[in-house]
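What follows draws every value from the coordinates through simple rules; no lab data is involved. This is a predicted model, so every value here is computed, not measured. Note that each Cβ is placed from the backbone with ideal geometry, even for glycine, and that neighbours are counted across all protein chains shown.
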Amino acid sequence: MIRHVLLPATCALLLSACTQAPLRGTGDLGLVVERASASVQIIDSSAGKALARIDGLGDLSHASAVFSRDQRYAYVFGRDGGLTKVDLLQQRIDKRLIQGGNSIGGAISQDGKLIAVSNYVPGGVKVFDAHSLELVADIPATLLADGTKRSRVVGLVDAPGQRFVFSLFDSGEIWSADFSHGNTPQITRFTGIGQQPYDAFITADGRYYMAGLFGEDGMAQLDLWHPEHGVKRVLGDYGRGQAKLPVYKMPHLEGWAVADNQAFVPAVGRHQVLVMDARTWQQTDAIAVAGQPVFVSARPDGRQLWVNFAYPDNDRVQVIDTETHNVIADLKPGPAVLHMEFTARGDQLWLSVRDANQVQVWDPYSLKRLATLPATAPSGIFFSSRAQQMGY
């Protein structure tokens, strides 16, 4: 008879393993920003519940997040200049620093090794090592005429070829910072692109960078396949200048949706979602909706759009069929719907209802609410699946 004898070290290892939490993946995890309490919740989309609340993240009034390529860490960009690395598995802050005075978002590089943050104060972009959060590069924006301030930076995205692309609000520029040859970036500047670019997005394939203009109508488009062609103007009637109504909240251009070779755009100051041919960038339709749209989010299969609105219609969400352009549902989740996020395969839509202090989970096929979770003044919802998408 063979006897198995456990050595003391082996016994200790087994006992230790029994007391630890079981291993799990992070592909179904995400964050909900609680903007009024400097906290985030870690959420589990498979179970439809919150797992933990993490405090101490500073001013989250305009916070956003990106994820490491292994989807374990979230990087949260706070309005106070805070950059916070959150460990989704350990459910704690891994590292945190104040890198500026007024931050407006960030991005993670194509290889996942760099984190870039765009700043109003001081104007420019700072780039950090994603593991250590040590400063890698400081890219100051254009100095303004008074000689004391630099242009505010907006619309920062990651792009193919280990690049970051961003817009300069005060000086009317688009810059590309190429890190493909090391941590000293090659900067390409495009000037005179239009007045006051206020936000931007990049198409899912990483080819077109589009900046909305606050100071005039139209959008500035940079073809990253052919940057030598410069920046051109598209959608000449889109923008702030010709708005017929007061603009209660500027739409987020990251809320654009592209489906079936069509781009669906929240109109500025109008009760419309504009439709463009995503190959020619010419407008083809305008869909009447209930209010001034903020986000236009496409279900991952491209068949549906979910649209939320600025005040006073921000208690509503409308659903649009992308084939017929008809509004097929008019929902009222509650007061102040701020953000919407689909799970990666589109089986759920999560939305934040700030003034009801809740997050809701919806089935976008049956249009039924699946769950309601308590949250303190929730705003942005971000799933870790964003790690595998360009421009998030």
Q | the stretch 149-204-the stretch 48-62 distance, computed between alpha-carbon centres (Å) | A | 29 Å
Q. Across the stretch 316-323, in residue order, what do the Karplus-derived ³J(HN,Hα) couplings come to in whole Hz, using 6.51 cos²θ - 1.76 cosθ + 1.60 with θ = phi - 60° and x for Gly and Pro?
A. 10, 9, 10, 10, 10, 7, 6, 7
(Q) Looking at the chain as a GNM with Cα springs under 10 Å, which of F77, F164, F190 has the largest mean-square fluctuation? (A) F190
(Q) If the elastic network links every pair of Cα atoms under 10 Å, which of S167, S46, S352 fluctuates the most in the Gaussian network model of the chain? (A) S46
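Find, to one decimal place in angstroms, the Kirkwood hydrodynamic radius of the stretch 132-202, where the mean of 1/r is taken over every pair of different Cα atoms and then inverted. Display every interim value, and only then the final one.
On the way: mean 1/r = 0.0777 Å⁻¹.
Roughly 12.9 Å, rounded to one decimal.
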Q) Hey, what's the per residue convex hull volume over the C-alpha atoms of the stretch 99-234, in cubic angstrom? A) 101 Å³
Q) Peptides 341-347, 223-229: what's the order by average Cβ count within 10 Å, highest mean first? A) 341-347, 223-229
Q) Could you give the Stokes-Einstein D for the stretch 59-130 in µm² per second, using the C-alpha Kirkwood radius, 37 °C, 0.692 mPa s? A) 275 µm²/s
Q.
Could you work out the relative contact order of the chain? I mean the mean sequence separation of Cα pairs under 8 Å and 6+ apart, divided by the number of residues, in percent.
A. 11 percent
Q: Once you have all Cα-Cα distances for the stretch 117-161, histogram them in 5 Å bins from zero and send the whole-percent values.
A: 6, 21, 23, 23, 17, 7, 4, 1
Q) Relative contact order for the stretch 140-289 using alpha-carbon pairs under 8 Å, separation at least 6, rounded to a whole percent? A) 12 percent
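Would you mind computing Rg(Cα) / (2.2 N^0.38 Å) for the stretch 276-371, counting N as its residues?
Numbers: Rg = 13.3 Å, N = 96, 2.2 N^0.38 = 12.5 Å.
This ratio for the stretch 276-371 stands at 1.07.
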Q) If you add up the charges near V361, with Lys and Arg at +1 and Asp and Glu at -1, over every other residue whose beta carbon is less than 15 angstrom from its beta carbon, what do you get? A) 0
Q | Principal-axis tilt of helix 8-19 within the chain, Cα atoms, nearest 10 degrees | A | 40 degrees
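Suppose the chain between E216 and R24 were pulled fully straight at 0.36 nm per residue; how much longer would it get relative to their current alpha carbon spacing?
Working: separation 192, 0.36 × 192 = 69.12 nm, distance 4.97 nm.
Difference between extended and current length: 64.1 nm.
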Q. F179: net charge of surrounding residues, Cβ under 14 Å, Lys/Arg +1, Asp/Glu -1, itself excluded?
A. -2
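To the nearest µm²/s, what D does Stokes-Einstein give for the chain at 4 °C and 1.567 mPa s, using the Kirkwood radius over alpha carbon pairs as Rh?
On the way: Rh = 21.8 Å.
Estimated diffusion coefficient is 59 µm²/s.
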